[in-house]
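> Take this structure first; my questions come after.
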Amino acid sequence: MPHEPSSHSRIRTIPFILKSPLALLAMLAATASPPLLAQDVVITGLIDGPLFGGTPKAIEVCVLNDVPNMSIYGLGSANNGGGSDGEEFTFPAVAASAGTFLYVATESAEFTNWFGFAPSYTSGSAASINGDDAVELFTNGSVTDVFGDINTDGTGQPWEYQDGWAYRNDGTGPDGSTFALGNWSFSGPNALDGETSNAGAATPFPLGAYDGCELVLPEPAGDLLLSEILVTPTAGEFIEIHNPTGAAIDLSDVYLTDATFAGGGTYYYNIVTGADAGGGGFGDFHARFPDGASIGAGEFQTIALAGSDDFFLEYGIDPTYELYEDGLGPDAIPDMREAFAGSINGQGGLTNGGEVVVLYYWDGASDLVQDIDYAVWGDKDEAVDKTGVMIDGPDGDATTSSYLADTAIVSQDVIDVGGHAFGESFQRIDYNEGAESQAGGNGVKGSDETSEDLSNTWDSGSPTPGAAAPPPGGLVINEIHADPDGSIAGDANGDGVRNSTEDEFVEIVNSGDADLDVSGWTLADGFGVRHTFPAGSVIEQGCSIVVFGGGAPTGAFGNSLVQTASGGSLGLNNSGDSVTLNNGVADVVSASYGGEGGDNQSLTLDPDITGGAFVKHSTATGSGGALYSPGTKIDGSNFDGCPSAWVINEIHADPASGTDGDANGDGVRNATQDEFVEIVNGSDSDMDISGWTLADGFGIRHVFPAGSVVLGGCSVVVFGGDTPTGAFGNSLVQTASSGSLGLNNGGDTVTLNDGGSDVVSTTYGGEGGDNQSLTLDPDVTGASYVKHTVATGSGGTRFSPGTRIDGSQFSGCPIAAEIYEIQGDGLASPLAGSLVLTEDNIVTAVGPEGFFMQTPDGRADVDVNTSNGIYVFTGGAPTVAVGDQVDVLGDVTEFFDFTEFEAGSMVNVDSSGNPLPAAVTFDATTPSPDPTAPSCAIEYECYEGMLVNIPAGVVTAPNQGFGSDPIAEVYVTAGAARTYREPGIEFPGLVGLPVWDGNPEVFELDPDKLGLPNEIITAGSTFSATGALGYEFGGYELWATSLVVNPAPLPVPVRAREVAEMTVGALNLFRLFD
């Protein structure tokens, strides 16, 4: 359907249609228009003008919807009916807003003379139309709109516009590749003959009349930028300017100069007085752009300082302008005008070691010039500070005007301390001008152009005259999350709510060699721009930025920069999309994916940054099955350049006298030994700091020994000495390897170093000598240290080593528990899902994928309802032996109702050869054969994981068989009598009917689960065994470590029957189908 009219007022020069009878007839003859095509750009007008050379020759197009990158569009003219010439002009890679008119002309000067403003772009081929030529609009190389018949010369045709114009009717187009005559109105041939301007024409071109766009007048020159400066070789010297806006800019009153010399009182702004404005000698120049010159939207233009001939020899292309005519006669390259007589004088150049270049605007009448852009390098002898300068120009009065404050010269930044290398140029890399002040200055729009942090916004590299410098390298789109899982597991932004839009994200890593300011850059998908990075968006070298679709991202995210889409969402398609980062001038990096993006997880490079292709995150190396890792590497660790996750949270330099100062809990206050430093690992990942060092201002005081792993979200405490005694929040606790920490009461510095560089460092003063520690308040995130007794939640205590101020554990520290506390007295562990530390337990059985451990008898609880044993799943051959005393740290889980430590748990062997805990004896009464009188509250569960001995058991049924395990478990009882299925309904039965007890004393025996040889065991066999009680497939099993079987005789065939005899067989079954 037709586009709705713009809500903004449109600029129309004068009424136009009814002044031309031919145009009126054409409108009356218009036929019905075909339906619109779904395109974002449409051809709306063509003009073949009456000025010199049949100019202006131009094409007007309307941008119907926001276009993030216009380079997918182009134009071509089909001359004299000769068919398509293809795409002859491609729009630059800039964004264009909905409702914008763009103008492509063959040249700028006559277009400006006719319309009063410059064209958006110039193209000597695409816009070279003579009133009988067709024009095609291309989108991604295909024709999406057309004016005229490309295979027919328009002379004498209804669509001819010789020395006139054609204009699209409202509500029509684009028309695809088929011309729709009825969608157009025409001036008629020769309607513009003899006219000198559009405003004065009897039948003016209906400029900006198409309903759906509005005419935007050219941008003020204040938006222009200096974008490249080359100072050596001399023959190749040039200055490049850039128009970053979406509209053309008139350059007629724009000046360019390097003519400033404070020692001689020479300043460019003196041009208003006509004296001491510099230029014309000693290599200095003071130039003005040619009258009628303009720079198109997104365009780069060059000024060759040594002339166009040398420029062409150096770069193989012509410059846009030359500073002066370098040949014997005029050439086709426009010369810059002298700002005043003799201000160029056929010479000019830049000083390699130090110089200034100023781009400014002056209307020729005002007292003050207005800065557009300013660049300085090397020494600052030529730098300018206009602060408070009062001056009277040619404005007809005798009143002076005063300049506002510039940045003081001593505070002005330079591009570099010297010139660039031979074969390079200075190049702008930040088109948003970095930290430049945008108010209160002497710029056209009020900016202070002398305040730009040039050393950050410029760099050097191979010359690129007439084009943008290559985007900064090292940026990598490392992870894309288009399809959050449907459960809470899909909560990628950590705000506690899974949302299919808000939990989408894109992670971009800066793998370059410097921090990068991406303020003003955009992030787009295949549809359009989804996010504009706000001011202050700096990605640190080696770190990343994560853009979520929305919500309230909560978490550390590896200390990466985190933002949410400014457009309200990222809109990533599950079935495939593209993601593009653009720096405002060009695409910096882009990535695409397909249907693999719709599998409830992110796609990530594997390995991070350098991977050749995206893979599903759960399968990526080191992911552990995780669905995503925003802001971190695949394995959850920080990117190498992200800010330190380490926080020196508490420092104790001055233990109080008496037992109040006994911070290490050994029962003795010692001024040296009770000093401590508490360091928190603020990341989500466990960190091995073995070999790292802790130092004060004097030197290294502690080297962290092998095995020093600080859990994510937990802390390490280093005391000055002795034997720290206590839980300390289950943090890692060590004592200074040098014998002391040596912290000064009057002030000191504490530094953690990873062996290569300082990871985190902090300093305190005399406040550290007040008989208590200094702590961040709140913990970890506090901005400064406070005395512990006054910290929030301290209750007046003097210290809290290993815990938060209030004595509670840090969130990532484990829960310390005995095995019986882990098992609890129910079917499931009360600590399932928790990180748990259990220490000094004895390994009782070892298998190929894990081991059992049990509390020593001396610490076992006396509660028959809680087990003292547990299984540790290792996923491979354990590195422990029976009799080892071990500490285990890991996540507790219920694996199909079997309580165990998950794979990946940390196991430390304290000692070996220890006696085993006493085994539980299973016999005729344990487990109980009476379901109404069990041996514990939950039969078997109370023995899960414990060492069990069966002196005399009997096999009640032979080996089971499964496809993957044809010789499997047997059913057994620990009593001497074999059990049978007895009459009755299984316990608890039904009222009034016989009840069978269900044989609760029967369980399973797995001969080879822990590595013993497998064997066929017949029913009725007797055995003795020792092992641990495991659980799988819904049943408790003895996983044997020793087994002796006395096989029962196998049944033999009966003799052949005699006459009048028959044979009878009997079989006892639990259920008939068994």
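The values are calculated or read from the model by the stated rules, or taken from the named source; none is laboratory data. In this text, all values refer to a predicted model and were calculated from it rather than measured experimentally. Here the Cβ positions follow ideal geometry from the backbone for every residue, glycine too, while neighbour counts run over all protein chains shown.
> Restricting attention to region 77-117, and to residues there that are over 40 Å from the mean Cα position of the chain (by Cα), buried (at least 22 other Cβ atoms within 10 Å of the Cβ) and among the small types (Gly, Ala, Ser), which single residue is nearest to Ala332 (Cα to Cα)?
It comes out as Ser108.
> Quick one: count up the residues across region 196-245 that are modelled with pLDDT of 95 or more and of a type in the set (Asp, Glu).
3
> Could you check how many residues of region 740-772 are outside any helix (DSSP H, G or I) and under 20 Å from Thr789 (Cα atoms)?
Within region 740-772, residues that are outside any helix (DSSP H, G or I) and under 20 Å from Thr789 (Cα atoms) number 12.
> If you don't mind, there's one more thing I want to ask. Could you tell me which of the residues Gly824, Gly833, Gly850, Gly796 is within 17 Å of Tyr943 (Cβ to Cβ) and either among the aromatic types (Phe, Trp, Tyr) or not assigned by TED's automatic domain parsing to the domain that holds Gly712 (or both)?
The conditions single out Gly824.
> Would it be correct to say that Asp40 is under 25 Å from Glu195 (Cα atoms) and outside the structural domain of Gly520 (by TED's automatic domain parsing)? Steps first, answer last, please.
Numbers: under 25 Å from Glu195 (Cα atoms): no; outside the structural domain of Gly520 (by TED's automatic domain parsing): yes.
The answer is no for Asp40.
> How many of the residues making up region 123-159 are of a type in the set (Val, Ile, Thr) and out of contact with any helix residue (DSSP H, G or I) (no Cβ under 8 Å at 6 or more places or on another chain)? Break it down into steps so the answer makes sense when it comes.
Filtering region 123-159 down to residues of a type in the set (Val, Ile, Thr) leaves 129, 135, 139, 143-144, 146, 150, 152, 155.
From what's left, out of contact with any helix residue (DSSP H, G or I) (no Cβ under 8 Å at 6 or more places or on another chain): 135, 143-144, 146, 155.
The number of residues fulfilling the criteria is 5.
> How many residues, within region 294-317, are assigned to a loop (DSSP other than H, G, I, E, B) and within 42 Å of the chain's Cα centre (by Cα)?
Initially, region 294-317 is screened for residues assigned to a loop (DSSP other than H, G, I, E, B), giving 296-299, 305-307, 316-317.
Subset that is within 42 Å of the chain's Cα centre (by Cα): 296-299, 316-317.
The qualifying residues number 6.
> State which residue pairs qualify: first residue of a type in the set (Phe, Trp, Tyr) and inside region 1012-1028, second residue surrounded by fewer than 16 Cβ atoms within 10 Å (Cβ to Cβ) in any location, beta carbons under 9 Å apart, and separation of 6 or more residues or different chains.
Sorted first by the residue in region 1012-1028, then by its partner, the pairs are Phe1023/Ala952; Phe1023/Val1044; Phe1023/Asn1046.
> Separate question: Would a scan of region 872-881 turn up a residue that is surrounded by fewer than 22 Cβ atoms within 10 Å (Cβ to Cβ) and part of a strand (DSSP E or B)?
Taking every residue of region 872-881 in turn, at least one turns out to be surrounded by fewer than 22 Cβ atoms within 10 Å (Cβ to Cβ) and part of a strand (DSSP E or B).
> If a residue counts only when it is surrounded by fewer than 20 Cβ atoms within 10 Å (Cβ to Cβ), which strands (runs of 3 or more DSSP E) contained entirely in region 468-559 have at least 2 such residues?
Hits in region 468-559: 529-532.
> Moving on to the next point. Does region 929-949 contain at least one residue that is aliphatic (A, V, I, L, M) and under 20 Å from Asp1008 (Cβ atoms)?
Checked against the condition, which is being aliphatic (A, V, I, L, M) and under 20 Å from Asp1008 (Cβ atoms), region 929-949 yields at least one hit.
> While we're here: Among Glu986, Glu1004, which is the only one that is surrounded by 13 or more Cβ atoms within 10 Å (Cβ to Cβ), free of Cβ contacts under 8 Å to residues at least 40 places away in the same chain and under 26 Å from Glu849 (Cβ atoms)?
On inspection, the qualifying residue turns out to be Glu1004.
> Could you tell me which of the residues Gly953, Gly883 is at pLDDT 90 or above, small (Gly, Ala, Ser) and assigned by TED's automatic domain parsing to the domain that holds Pro848?
Answer to the check: Gly883.
> Return the pairs, sorted by first residue and then second, in which the second residue is among the aromatic types (Phe, Trp, Tyr), the first residue lies in region 347-373 and is under 13 Å from Ala383 (Cα atoms), the beta carbons are less than 6 Å apart, and the residues are 6+ apart or on different chains.
From region 347-373, the pairs are Val358/Tyr268; Val358/Tyr374.
> Regarding Gly346, is this residue within 20 Å of Lys386 (Cβ to Cβ), out of contact with any helix residue (DSSP H, G or I) (no Cβ under 7 Å at 6 or more places or on another chain) and outside any helix (DSSP H, G or I)?
It is false that Gly346 is within 20 Å of Lys386 (Cβ to Cβ), out of contact with any helix residue (DSSP H, G or I) (no Cβ under 7 Å at 6 or more places or on another chain) and outside any helix (DSSP H, G or I).
> Here is a further query. Can you name the condition, by its number, that Ala287 falls short on among (1) assigned to a strand (DSSP E or B); (2) farther than 22 Å from Asp381 by Cβ; (3) among the aliphatic types (A, V, I, L, M)?
(2)
> Give the residue, chosen from Val880, Val920, Val872, Val909, that is in contact with a strand residue (DSSP E or B) (Cβ under 7 Å, 6 or more places away or on another chain) and over 23 Å from Leu1038 (Cβ atoms). Please lay out each step first, then the result.
Values: Val880 fails: over 23 Å from Leu1038 (Cβ atoms); Val920 fails: over 23 Å from Leu1038 (Cβ atoms); Val872 fails: over 23 Å from Leu1038 (Cβ atoms).
Of the residues listed, the single one that is in contact with a strand residue (DSSP E or B) (Cβ under 7 Å, 6 or more places away or on another chain) and over 23 Å from Leu1038 (Cβ atoms) is Val909.
> In region 434-458, which residues are modelled with pLDDT of 90 or more, closer than 23 Å to Thr302 by Cβ and in a loop (DSSP other than H, G, I, E, B)?
Glu452
> Under 6 Å between Cβ atoms, at least 6 apart or on separate chains: pull out the pairs that start in region 304-320 with a residue that is in the same structural domain as Leu226 (by TED's automatic domain parsing) and end on any residue that is surrounded by 22 or more Cβ atoms within 10 Å (Cβ to Cβ) and part of a loop (DSSP other than H, G, I, E, B).
From residues that are in the same structural domain as Leu226 (by TED's automatic domain parsing), the pairs are Ala304/Pro319; Leu305/Glu237; Leu305/Leu323; Leu305/Gly348; Ala306/Glu237; Ser308/Pro319; Phe311/Pro319; Tyr315/Pro465.
> Can you pull out every residue in region 756-772 that is among the hydroxyl-bearing types (Ser, Thr, Tyr) and free of Cβ contacts under 8 Å to residues at least 12 places away in the same chain? Write out each step before concluding.
Of all residues in region 756-772, those among the hydroxyl-bearing types (Ser, Thr, Tyr) come to 757, 761-764.
If the condition is that a residue be among the hydroxyl-bearing types (Ser, Thr, Tyr) and free of Cβ contacts under 8 Å to residues at least 12 places away in the same chain, then Ser757 is the only one that fits.
> Let me ask something else about it. So Phe179 passes all but one of these: (1) within 15 Å of Gly45 (Cα to Cα); (2) surrounded by 21 or more Cβ atoms within 10 Å (Cβ to Cβ); (3) among the hydrophobic types (A, V, I, L, M, F, W, C). Which condition number does it fail?
(2)
> From the residues in region 980-1033 that are outside any strand (DSSP E or B) and acidic (Asp, Glu), which one is nearest to Phe873 (Cα to Cα)? So that I can check it myself, show each step before the final result.
Let us first name the residues in region 980-1033 that are outside any strand (DSSP E or B), namely 980-984, 987-994, 997-1001, 1007-1021, 1033.
When the remaining residues are screened for being acidic (Asp, Glu), the result is 982, 997, 1001, 1008, 1015.
Numbers: Glu982: 39, Asp997: 35, Glu1001: 27, Asp1008: 17, Glu1015: 25 Å.
Top of the filtered list is Asp1008.
> What tally of residues in region 704-734 results from selecting those that are surrounded by 21 or more Cβ atoms within 10 Å (Cβ to Cβ) and hydroxyl-bearing (Ser, Thr, Tyr)?
The number of residues fulfilling the criteria is 2.
> Right, another one. For region 570-625, give me each residue that is on the phi > 0 side of the Ramachandran plot, without any contact (Cβ under 8 Å) to a residue 24 or more places away in the chain and in contact with a helix residue (DSSP H, G or I) (Cβ under 8 Å, 6 or more places away or on another chain).
Gly576, Gly625
> Moving on. Filter region 650-684 down to the residues that are over 22 Å from Asp722 (Cβ atoms) and not acidic (Asp, Glu), then identify the one that is farthest from the chain's Cα centre (by Cα).
Here the answer is Val680.
Residues checked against (1) assigned by TED's automatic domain parsing to the domain that holds Val104; (2) touching a His at 6+ places or on another chain (Cβ under 9 Å):
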{"residue": "Thr152", "(1), (2)": "yes, no"}
{"residue": "Thr155", "(1), (2)": "yes, no"}
{"residue": "Pro174", "(1), (2)": "yes, no"}
{"residue": "Ser177", "(1), (2)": "yes, no"}
{"residue": "Thr196", "(1), (2)": "no, no"}
{"residue": "Leu207", "(1), (2)": "no, no"}
{"residue": "Asp211", "(1), (2)": "no, yes"}
{"residue": "Pro233", "(1), (2)": "no, no"}
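> Tell me, yes or no, whether region 557-567 has at least one residue that is of a type in the set (Phe, Trp, Tyr), out of contact with any Asp or Glu (no Cβ under 6 Å at 6 or more places or on another chain) and on the phi > 0 side of the Ramachandran plot. Spell out the reasoning first.
Of all residues in region 557-567, those of a type in the set (Phe, Trp, Tyr) come to 557.
Applying the additional criterion that residues be out of contact with any Asp or Glu (no Cβ under 6 Å at 6 or more places or on another chain) yields 557.
Within this subset, residues satisfying the condition of being on the phi > 0 side of the Ramachandran plot are 557.
Yes.
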